[in-house]
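Down below is the structure, laid out as structure tokens.
Readers should treat all values here as calculations from the given coordinates under stated rules, not as data from a laboratory. Not measured: the values here are computed from a predicted model. All Cβ positions, glycine included, derive from the backbone under ideal geometry; neighbour counts span all protein chains shown.
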Amino acid sequence: MRTTALIDAPLPTVGGALRDIPLAEHGLAELGVRARVVGKASALLVPGDELSFRMPVLGVPVSLRTRIVRADADALTSVLVAGPLRELRHEAVLAAVGDRTLITDSVHWKTPLGGPGRLADVALLRRKVLAVQAQRVRAVRELAESWAGRKVVVGAAIVRSGLLLAQQRRYPADHAGRWELPGGRVEPGEGEREAVVRECKEELDVEVRPTGRVGTDVPLSNGMILRIHSAELVEAAAVPKAVEHHDVRWVKAADLPALDWLDADRVLVHSLRELVDKS
Ligand SMILES: Nc1nc2c([nH]c(=O)n2[C@H]2C[C@H](O)[C@@H](COP(=O)(O)OP(=O)(O)OP(=O)(O)O)O2)c(=O)[nH]1
């Protein structure tokens, strides 16, 4: 079953809203669906997170558990882990339409029964699934559109020879010693790519060339949005320096999860890993 909608927010913002945990847990409450992220979770869903759902179908409570298998800028995918179905796959795919985003939300499932089960499936489940999809898309739209006007902090994912550049903060106290990407606030009137170039010059004393975007937007506790751009050094042999930071380090893809990242960056580690793996 498939639902589409056009959302008035850029693609990485909608991608971030799709991963929002409070939305996943409470966005379907008015349909009687109770959802909970199982185990350790951050602000946004990451691959491997599991969600448990409890919802009434024809007055009978049904429980399901799903696992996130993909959380990229342009797609969020989950599959069935446990429940009274043979198969379930839920996928939201995003496509940029100018500054707006087209979301296509698809749910595919197989019921365990033959003939009578199929009838019940057609009559009841489809209606329920459609209502759930419509409500979820509405909730994602509302959240993404509320994030769309926020100030942006850009981060630069600089890759060279299969390594990503990370920098270690010196201040404030609760960030000191933790790792982040070079970057900072986009100034009024400045483009995001310009901000990436300026911040890398200020923080690392190197020239970079932005090459694209990485991962979804991440909401920050200060009310801004973190958005990552991939970048390369204009001069491949340049040596980035820790001008304002405690340290800078080139990190292998496999070592990225072990760094003590700021919370916002932690939910992007799988996307950063993929970027480095593909380089
Ligand atoms: N540059 C950067 N900032 C990040 C990352 N992750 C993350 O949560 N942030 C937060 C930390 C800051 O609150 C904000 C960045 O803004 P900023 O670079 O202008 O801020 P700052 O704290 O260094 O501040 P300041 O010198 O301007 O006071 O975003 C990241 O990967 N890179």
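Residue farthest toward the positive end of the dipole of the chain, with Cβ of Lys/Arg at +1 and Asp/Glu at -1: which of A92, L272, A29?
A29
With a sphere of radius 14 Å drawn around the Cβ of E202, what net charge do the other residues whose Cβ falls strictly inside it have (Lys, Arg +1; Asp, Glu -1)? Intermediate results must be reported in sequence, preceding the final value.
Details: positive: R185, R198, K201, K241; negative: E187, E190, E194, E199, E203, D205, E207, E244.
With Lys, Arg at +1 and Asp, Glu at -1, the neighbours total -4.
Highest mean first, how do 74-80, 155-161, 84-90 rank when packing is the count of other Cβ atoms within 10 Å averaged over residues? Numbers along the way, then the final one.
Working: 74-80: 18.9, 155-161: 21.9, 84-90: 14.9.
Highest mean packing first, the order is 155-161, 74-80, 84-90.
Placing one identical point scatterer on every Cα of segment 69-224 and ignoring solvent, what is log10 I(q)/I(0) from the Debye formula at q = 0.09, 0.17, 0.20 Å⁻¹?
Values returned for q = 0.09, 0.17, 0.20 Å⁻¹ are -0.48, -1.11, -1.34.
As I understand it, the value is the acute angle between the Cα axis of helix 269-278 and the longest principal axis of the Cα atoms of the chain; what does it come to in degrees, rounded to 10?
70
Between E142 and D247, how high is the FRET efficiency from 1/(1 + (r/R0)^6) when r is the Cβ-Cβ distance and R₀ = 35 Å? Nearest 0.05.
Values: r = 41 Å, r/R0 = 1.17.
For R0 = 35 Å, the calculated efficiency reads 0.30.
Output ³J(HN,Hα) for segment 154-159: one whole-Hz value per residue in order, computed from phi by the Karplus curve 6.51 cos²θ - 1.76 cosθ + 1.60 with θ = phi - 60°, and x for Gly and Pro.
Each residue's phi maps through the Karplus curve to give 8, x, 10, 9, 8, 10 Hz.
Please list, in chain and number order, the residues 5+ apart from G215 or on another chain whose amide H is under 5 Å from its amide H, with Hs placed from the backbone.
A73
Counting only DSSP beta bridges with both residues in segment 152-278, what percent are antiparallel, rounded to the nearest 5? The partial results should precede the final answer.
Working: 21 of 29 bridges.
The answer is about 70 percent antiparallel.
Please compute the net charge surrounding E30, taking Lys and Arg as +1 and Asp and Glu as -1 over other residues with Cβ under 12 Å from its Cβ.
Details: positive: R34, R136, R138; negative: none.
The answer is +3.
Using the alpha-carbon atoms, what tilt in degrees (0 to 90, nearest 10) does helix 192-204 show relative to the longest principal axis of the chain?
The angle comes out at about 50 degrees.
Based on the mean of other Cβ atoms within 10 Å per residue, sort peptides 165-178, 128-141, 13-26 so the most packed one is first.
The most tightly packed comes first, giving 13-26, 128-141, 165-178.
Measure nothing but the geometry: give the 0 to 90° angle between the long axis through the Cα atoms of 126-147 and the longest principal axis through the Cα atoms of the chain, rounded to 10°.
In the chain, helix 126-147 runs at an angle near 20 degrees to the longest axis.
Starting from segment 176-244, pick out the GluC sites (Glu not before Pro) whose DSSP state is loop and whose Cβ has at most 11 other Cβ atoms within 10 Å. Intermediate results must be reported in sequence, preceding the final value.
Working: sites: E180, E190, E192, E194, E199, E202, E203, E207, E232, E235, E244; in loops: E190, E207, E235, E244.
Of the GluC sites (Glu not before Pro), the ones in loops of segment 176-244 whose Cβ has at most 11 other Cβ atoms within 10 Å are E235.
If amide hydrogens are placed 1.01 Å from N in the peptide plane, which non-local residues have theirs closer than 5 Å to the one on V208?
Here V234 satisfy the definition.
Based on the alpha carbons, how large is the Rg to Rh ratio for the chain when Rh follows Kirkwood?
Numbers: Rg = 20.8 Å, Rh = 20.1 Å.
So for the chain, dividing Rg by the Kirkwood Rh gives 1.03.
Taking Cα pairs under 8 Å and at least six residues apart, what relative contact order does segment 180-257 come out at, in percent?
Value for segment 180-257: 24 percent.
With a point put 7 Å past each Cα toward its Cβ, work out how far T211 is from S52 in nm, to one decimal.
It is 4.4 nm.
What does the charge add up to near G223, with Lys and Arg as +1, Asp and Glu as -1, over the other residues with Cβ less than 11 Å from its Cβ?
Taking every Cβ under 11 Å from that of G223, the sum is +2.
Run down the lysines and flag those whose C-alpha is under 24 Å from the C-alpha of K241, throwing out any fewer than 8 positions away in its chain.
K201, K252
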